[in-house]
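The values are calculated or read from the model by the stated rules, or taken from the named source; none is laboratory data. Everything numeric here is computed off the predicted structure, so don't read it as measured data. Glycine gets a Cβ as well: all are built from the backbone with ideal geometry, and neighbour counts include every protein chain shown. When the accessible area is computed, the model is the full protein with side chains, heavy atoms only, and any ligands, DNA or RNA have been set aside. Shrake-Rupley method; radii C 1.70, N 1.55, O 1.52, S 1.80 Å.
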Amino acid sequence: MARVDIIMPQMGESIAEGTLSKWLKKVGDEVKRDEPIFEISTDKVDAEIPAPAAGVLAEILVKEGETVAIQTVVARLETEKGAAISAEAAVPAPAAAPAKPASAPAPQREGTPAPAQPRQPTPAPAIAASHAGNGNSFEDRVRTKSSPLVRKIAAEHGVNISALSGSGVAGRVTKRDILGFIESGAPMPSVAPGARTGGPHVLPMPEPWAGDVVEPMSKMRALISEHMVASRHTSAHVTSFIEIDFTRVARIRAKKRAEFEAAHGQKLTYMPFIIKAVTQGLQAFPVMNSSVAGTNVIYRKQINIGVAVALDWGLIVPVIKRADDLSLSGITRALNDVAARARAKKLSPEEVQGGTFTITNPGVFGSLMGTPIINQPQVAILGVGAIEKRPKVLPGADGEDTIAIRTCAYFSISFDHRVIDGAIADQFLAFVKKTIESFPETGL
């Protein structure tokens, strides 16, 4: 007999840990290869993790509700002799880094993971680009070693995070580390002379009133909160808006819908048309499909579109890889597939990683427009408002204005002003508008 390690996978580029929310098997249960064995929760996804091999669940090392770093061994399977596989083999390999344009400077890295020791899981990656800086300033060093929540706790208690030795990935100071240090009563390290801690003023914690109901955030909700605050702190957010006429697409969809759905077995919505137009826009304006690494800009060759999917318990952003290589029917099939599996907790780790641009659709709930927060380490996010019929003033054939009923929607683009100027963002929106409004009937 041999034993196989089951590890906590990485469920997103900026995710350094995950919460094991539920065991689907107990010690002594037989497990088939690829059979779901436990559920995890992060800000990116709630997912069922499959067994890397067939066997019997011999040990459970991490309890339900416990949060651990990625690559941590959470359980062990007992398998037939010779069936053992390494922990690394159980983790989906990250996609190869795409080539950069010759004009784009090489990205700096904040640190290099420590070499893997024998018989240990693969070392965790360097700090994610969502917290990237030039690595030289005091603020950058502190930011890369902690989360916004940890920095808030440190500010409240006057703790210098840079002086602490963290137990998290790449020396990251975790909530457990900071609370343990405070409870220990050890002398508080002071901030280096002349250093600026930065960050917003810490407001007092609200207290519940009589009759209030107090419930803890879910793990996904708490991590979404942390990453949204981190994104606002990282990127210089600006938002522009444009109105797009969907009348032509609506007519094409109404005319071809039954034929399309019969031929492809897929429900045809407006979103595939939007994704198709966006991919063409990203090809025309490559900086919209980039990432910031310190003082360098990484121009992504791959166009991987993340589409936000609302769930009863949070939000997930599955990614359609190489969307620019897909036809409208291919985009439709991929979109419907990942959305359905997101709601069923069937997404694999690699399906929520590697996004280069995100689309969110609050309009499905009736919202006219919004100012979405950038999904780090990307530099832009498109918001789609409600697509509805409106009266519009149009020029008539005789030169006089007329009022007509048109199907329209407001689009918003939140972009990182560190690398994208308003003119470029607006030109990108105008390109998407023109592409949708002139969509060819043969494009199906």
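Strictly over 24 Å apart at the Cα level, which of K63/K346; K63/K345; K267/K346; K175/K321; K22/K152 would you flag in this model?
Cα-Cα > 24 Å for K175/K321; K22/K152; rest within.
Once you sort the root eigenvalues of the Cα gyration tensor of segment 313-444 as a ≥ b ≥ c, which label holds: rounded (a/c under 1.5), prolate (a/b larger than b/c) or oblate (the other case)? Don't jump to the answer; show the numbers that get you there.
On the way: a/c = 1.92, a/b = 1.60, b/c = 1.20.
It comes out prolate by the Cα gyration axes.
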**Asked** Ignoring ligands, DNA and RNA, what percent of the 1.4 Å accessible area of segment 251-291 is carbon and sulfur?
**Response** 49
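Please state, as a whole number in µm²/s, the translational diffusion coefficient that the Stokes-Einstein equation yields for segment 258-385 at 37 °C and 0.692 mPa s, with Rh defined as the Kirkwood radius across alpha carbon pairs.
On the way: Rh = 15.2 Å.
So the translational diffusion coefficient is about 216 µm²/s.
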**Fill in**
For segment 286-398, averaging the sequence separation of alpha carbon pairs under 8 Å that lie six or more residues apart and dividing by its residue count, the contact order in percent is 26
**Prompt:** Around T72, with a cut-off of 12 angstrom between Cβ atoms, what is the net charge of the other residues, counting Lys and Arg +1 and Asp and Glu -1?
**Reply:** -3
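Accessible area per residue, 1.4 Å probe, Å², for segment 302-379: what's the number?
Details: 2980 Å² over 78 residues.
That works out to 38 Å² for each residue.
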**Request:** Please work out how much accessible surface V338 shows to a 1.4 Å probe, ignoring ligands, DNA and RNA, in Å² rounded to 10.
**Result:** 10
**Complete:** Here FRET efficiency (C-beta to C-beta, M217 to R257, R₀ 60 Å, nearest 0.05) is 0.90
**Message:** Highest mean first, how do 302-308, 219-225, 347-353, 205-211 rank when packing is the count of other Cβ atoms within 10 Å averaged over residues?
**Reply:** 302-308, 347-353, 219-225, 205-211
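Would segment 199-310 count as rounded, prolate or oblate if I go by the C-alpha gyration tensor, calling it rounded below 1.5 in a/c and otherwise prolate when a/b exceeds b/c, oblate otherwise?
Working: a/c = 2.71, a/b = 1.51, b/c = 1.79.
Judged from the Cα gyration tensor, segment 199-310 comes out oblate (a/c at least 1.5, b/c at or above a/b).
Report in % the part of the accessible area of segment 311-437 that belongs to carbon and sulfur, leaving out ligands and nucleic acids; probe 1.4 Å.
Values: 3120 of 5670 Å².
Within segment 311-437, the accessible surface is 55 percent carbon and sulfur.
With a probe of 1.4 Å, find how much accessible area segment 210-274 has per residue, and write the answer as a whole number in Å².
Values: 3610 Å² over 65 residues.
Value returned for segment 210-274: 56 Å² of accessible area per residue.
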